[in-house]
Amino acid sequence: MQTLSQKMQSEIASTISKQEALEILQGKTNFLETIQKANVERQKYFSNKVRIHILDNIKNGHCPEDCGYCAQRKNANSGIENYSLKPSEEIFEDAKKAKENGAYRFCVVTAGTGPNDKYVDSLAFTIERISKELGLKVCLSAGLLDSTKAEKFKAAGLDRYNHNLNTSEQHYGEICTTHTFKDRLNTLEAVNGAEIGICSGIIVGMGETLSDIVEVAFTLKRLNVISIPINFFIPVAGHAIKNPNLLNPELCLRILSVFRLVNPDSEIRIGAGREGHLRSLQSLGLYVANSLFVSGYLNVMGDDAKETIQMILDTGFVPETDGDFSLEDFMNEHLYSKENIEAMYKYKKN
Ligand code: SF4
């Protein structure tokens, strides 16, 4: 089996150099021309489709790791609700609901360093059932993996595994001390070895430099990662990030553009924090990225399916969903119903 770095590079080369990527982030390029340039690549590989991902947090808290951005890390004191692995039936029901809400992919996430054998068997059973009975694409994010566990998930029909690099190798020690950047690369190698698609991205705003961000974009390119979530750091209660960067919508959109231009044919996802950091310019992000999360994140709320699908349609894009989802029914039920229109307008108290 080819190693990750031997794996045949996507024929699609990056359209910019590291220096050009840095200049985009430094604001040395015309903003709208940069968005336009990224949009050309976006249209080429994903036309006007937007993939909707829905997260299911199936095990929360009590994690022995110390990832500084995470509300679930040891000693986080974040006040989140801790719970152990959800029963298989409950996860299956969550998948059904996600499908009804137009999910293109159902992203199952567990807290913890990595799954033990009992968890691997239970998760493999549930993943197999969801993909067979609901025909829904599943992505799993369960921490550090070795090749034996990766092979078990492959056999269960898992086609994508999420394991973010989160930041650059040189900055990694600033956000986590209980495992290393190399540990993360080893997990991606194991997933690649099992021929499972890799989803791996970044969290920007954790005190990194613009060069760190450029490094991550090109590292993911070298690893031929097919799905890249771009998360914007949410300063959750109890986080341990020393000097969070101040982000603004323009910088966030330039970062999305850099990842698109460096990884033209990869799925670029507007991840956690879009509501708070892109604010009124979220829809502009759809000209660069071709997927996003709806219905919130692991422990933080986010825009729901209704608001997000409304934004996608208003911006001239269409949700890319799996076969059964009827956009028309969803629109009639959730968007254009009389109650919804009325709810939009509240009478002023004169
Ligand atoms: S990101 Fe994952 S591994 Fe890190 S502290 Fe949070 S739950 Fe644990």
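Side notes on the structure shown:
- Of Tyr104, Tyr172, Tyr83, the residue with the greatest mean-square motion in the GNM of the chain, using alpha carbon springs below 10 Å, is Tyr83.
- The HN-Hα couplings worked out from phi for region 233-243 by the Karplus form 6.51 cos²θ - 1.76 cosθ + 1.60 (θ = phi - 60°) are 3, 9, x, 4, 4, x, 5, 10, 7, 5, 10 Hz, whole numbers, x standing for Gly and Pro.
- About the centre of its Cα atoms, the chain shows a dipole size close to 480 debye [charges on the beta carbon of Lys, Arg (+1) and Asp, Glu (-1) only; nearest 20 debye].
- Loop-located trypsin sites (Lys or Arg not before Pro) in region 228-312 (DSSP state not H, G, I, E or B) with no more than 13 neighbouring Cβ atoms inside 10 Å: Lys242.
- Long-range amide H partners of Asp56 with built H, under 5 Å: Cys107, Val108, Val109
- Under 12 Å from the Cα of Lys182 - aspartates and glutamates, other chains or at least 8 residues apart: Glu169
- Here the accessible area of the chain is 52 percent carbon and sulfur, with a 1.4 angstrom probe and all protein chains present.
- Solvent-accessible area per residue in region 17-320 equals 38 Å², computed with a 1.4 angstrom probe and all protein chains kept.
- GNM result for the chain, Cα springs below 10 Å: residue of Ala95, Ala155, Ala272 fluctuating most strongly: Ala155
- Relative contact order [Cα under 8 Å, 6+ residues apart], the chain, whole percent: 24 percent
- Between Ile12 and Thr177, full extension at 0.36 nm per residue minus the direct alpha carbon distance yields a gain of 55.9 nm.
- Per-residue Karplus couplings for region 169-184, computed as 6.51 cos²θ - 1.76 cosθ + 1.60 with θ equal to phi - 60°, are listed in order as 4, 6, 9, 4, x, 6, 10, 7, 10, 8, 8, 10, 4, 4, 4, 5 Hz, Gly and Pro entered as x.
- In this calculation the C-beta distance from Glu93 to Asp304 is compared with R0 = 25 Å, giving a FRET efficiency of 0.90.
- With 27 Å as the limit on Cα-Cα distance, the pairs of Lys59/Lys96; Lys97/Lys132; Lys59/Lys97 all stay inside it.
- Within-11-Å neighbourhood charge of Ala240 [Cβ basis; K, R +1; D, E -1]: +1
The values are calculated or read from the model by the stated rules, or taken from the named source; none is laboratory data. Not measured: the values here are computed from a predicted model. Heads up, the Cβs are rebuilt from the backbone with ideal geometry, glycines too, and the neighbour counts pull from every protein chain shown. Just so you know, the surface numbers come from the protein's heavy atoms only, side chains and all, with ligands and any DNA or RNA stripped out. Shrake-Rupley method; radii C 1.70, N 1.55, O 1.52, S 1.80 Å.
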